[in-house]
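Remarks on the structure that follows.
Computed from the coordinates by the stated procedures, all read-outs in this text should not be read as laboratory data. Keep in mind it's a predicted model, so treat the numbers as computed, not measured. So basically every Cβ, Gly included, is an ideal-geometry build from the backbone, and we count neighbours across all protein chains shown.
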Amino acid sequence: MLTCKQVSKTLAENRYYELSWSHKVGLFMHIRLCAVCGKANQQIVDLQTGIRKFLAREEKEHFTEVKLKPEERERIRQRMNDKT
Amino acid sequence: MVDADNGPETWLDDHGDYLLQFAYVRLRNRAAAEDALQETFLAAMKAFERYDGKTPVRYWLRGILRHKVVDYIRKASREVAVDDTENTEILDSFRFKAFGIHDQNPPDWKFDPQNAFERKEFMQVFYDCLSHLNENMGQAFALRELEGLSTEEICKQLKLTPNNLWVILHRARKQLKSCLESNWTEGDGVYEC
């Protein structure tokens, strides 16, 4: 049986995919049975869901909240012109 | 596929803001994002003859930018001293008992994440919090979660031990969570109308 410490380490490392089959089963059982590790796992999953949604939105909407300042634009333009 | 619509002179106006933002989220540093963008354009000008037009030029430029971002982080990380206060902090934060059983519950979310993720305004908060992760954490977090690099790859790029990376990612998640909690309340978004 895995200890909470091992479970937390595996969760924090986020390397489930590299685990052996028996380790995966152990991890899954532990997360299901242990309220605290279950919660810790859920919070990591929640954050990852947030990141996935953020990336999907970034991909779809092409945010431009941060905009080039005129002087930055000018600097880059200058450099590009130097190269041509 | 060189034509007037997608030549280098159009890049800055058509894609500059988008690419800057893309780099900024990952580098969290304005000057670094500007540098990465500039290097991307310069590299792209050199390689433009080989651009086959199969993908829109924006995505092609973004592909180059991704490499520049990873390069930049790798270079920057040489200057960042790796702190190895690893195990004490992890043990403190998880509070393990002698047999490795949890002694401390992770605190609950202060809002309902599932609900919040659907809100457009939340993504702004999420974005701000991502941009405010501190340098060391932000680099590792961006590579792992935004760019999807493998643990081994990140350790190699940032010259970290897996243990260090584990600590850094754990801290980053913790900081991101608390940042989200202090900047988002369920009532937010009421002002959307």
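For region B:119-136, just list the computed ³J(HN,Hα) in residue order, Karplus coefficients 6.51, -1.76 and 1.60, θ = phi - 60°, integers in Hz, with x standing in for Gly and Pro.
8, 5, 5, 4, 5, 5, 4, 4, 4, 4, 5, 4, 6, 9, 4, 5, 3, 4
Pop out the Kirkwood hydrodynamic radius of chain A from its pairwise C-alpha distances, inverse of mean 1/r, in Å to one decimal.
Working: mean 1/r = 0.0604 Å⁻¹.
Final number for the Kirkwood radius of chain A is 16.5 Å.
I need the peptides B:33-41, B:124-132 ranked by packing, meaning the mean over residues of other C-beta atoms within 10 angstrom, with the highest value on top. All intermediate terms of the calculation are to be shown ahead of the outcome.
Details: B:33-41: 22.9, B:124-132: 18.2.
The packing order, highest mean first, is B:33-41, B:124-132.
Between beta-carbons, use under 11 Å as the cut-off and find the net charge around A:Glu59, counting Lys and Arg +1, Asp and Glu -1.
+3
Provide the per-residue ³J(HN,Hα) series for region B:10-18, in order, calculated from phi with Karplus coefficients 6.51, -1.76, 1.60 and θ = phi - 60°, each as a whole number of Hz, with x at glycine and proline positions.
Taking θ as phi minus 60°, the curve returns 8, 4, 4, 6, 7, 10, x, 5, 4 Hz for region B:10-18.
Gaussian network model of chain A, Cα springs within a sub-10 Å range: biggest mean-square fluctuation belongs to which of A:Lys69, A:Lys53, A:Lys39?
Looking only at A:Lys69, A:Lys53, A:Lys39, the largest GNM fluctuation is found for A:Lys69.
Amide H of B:Arg119 versus every other amide H placed in the peptide plane: which residues, excluding those fewer than 5 positions away on the same chain, fall under 5 Å?
Answer set, sorted by chain and number: none.
Given 10 °C and 1.306 mPa s, how large is the Stokes-Einstein diffusion coefficient of region B:4-78 in µm²/s, with Rh as the Kirkwood radius over Cα pairs? Kindly include the intermediate steps, with their values, before the conclusion.
On the way: Rh = 12.4 Å.
Stokes-Einstein gives a translational diffusion coefficient of 128 µm²/s.
Hey, with R₀ at 25 Å, roughly what FRET efficiency would B:Thr161 and A:His23 work out to, going by the Cβ-Cβ distance, to 0.05? Display every interim value, and only then the final one.
Numbers: r = 21 Å, r/R0 = 0.85.
With a Förster radius of 25 Å, E is 0.70.
What distance in nm lies between label points placed 7 Å from Cα along the C-beta direction at B:Tyr51 and A:Glu65?
2.8 nm
Got a sec? Charge dipole of region A:40-84, +1 on Cβ for Lys and Arg, -1 for Asp and Glu; which of A:Ile44, A:Asn81, A:His62 is way out at the positive end?
Working it through, the farthest residue towards the positive pole turns out to be A:Asn81.
I'd like the Karplus ³J(HN,Hα) series for region A:72-81: coefficients 6.51, -1.76, 1.60, θ = phi - 60°, whole numbers in Hz, and an x wherever there's a Gly or Pro.
5, 4, 5, 4, 5, 4, 4, 4, 5, 5
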